[in-house]
Amino acid sequence: MPSVSRPSSCLSPRPAVGGLLAALAAAASLSGCVVAPPPRHVVVEPRAVVVEPPPPARAVLVEPAPTVIVAPTAPPAPYAETLTVAPSSAHVWVAGFWEWGGGRYVWRPGHWTTPPRPGVVWIPHHWEAGPGGWHFRPGRWAVR
């Protein structure tokens, strides 16, 4: 076979390396191009905080639900109690009452006591006729 001669520029690996380097440099310079937005200026203005006072507190007496006591017969007439002198002007008389227990009525005598706070009155114990017999309603403190 006859030999083919080539020009010397085709035999040198230099031009291929140079072109590759030029292409890499162009790609690197173009890929790093970033356009950043202009800086924003944020102004924070303080606001006034308005705190309103809570509504005034209302006194509410919360008592546990009483045990329902039903007696089969009406209670006897109350005893006529002799009131002694009150220990102080702040004391209130809590009258005696008939209590049902053990299948019979038992008298609980009255006594002097002080209200749990000013502005309340004592509502006495009492019995009411109702379904199944006589229902005991315990005494309690109530706002005037």
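The values are calculated or read from the model by the stated rules, or taken from the named source; none is laboratory data. Worth saying up front: this structure is predicted, and the values here are computed from it rather than measured. Cβ: placed from backbone, ideal geometry, glycine included. Neighbour counts: every protein chain shown. Each accessible area value is taken on the protein alone, full model and side chains, heavy atoms only, with ligands, DNA and RNA left out. Shrake-Rupley method; radii C 1.70, N 1.55, O 1.52, S 1.80 Å.
Where a ≥ b ≥ c are the square roots of the eigenvalues of the C-alpha gyration tensor, would you call segment 55-125 rounded, which needs a/c under 1.5, or, failing that, prolate if a/b is larger than b/c, or oblate? Intermediate results must be reported in sequence, preceding the final value.
Values: a/c = 3.55, a/b = 1.35, b/c = 2.63.
It comes out oblate by the Cα gyration axes.
Could you give the size of the charge dipole of segment 47-144 about its Cα centre, using +1 on the Cβ of each K and R and -1 on the Cβ of each D and E, expressed in debye and rounded to the nearest 20?
Numbers: 8 positive and 5 negative charges, 50 e Å.
Magnitude of the dipole: close to 240 debye.
Which sequence of Val70, Val120, Val106 reflects their accessible areas, 1.4 Å probe, from the largest down?
Numbers: Val70 60, Val120 10, Val106 40 Å².
These residues rank, largest area first, as Val70, Val106, Val120.
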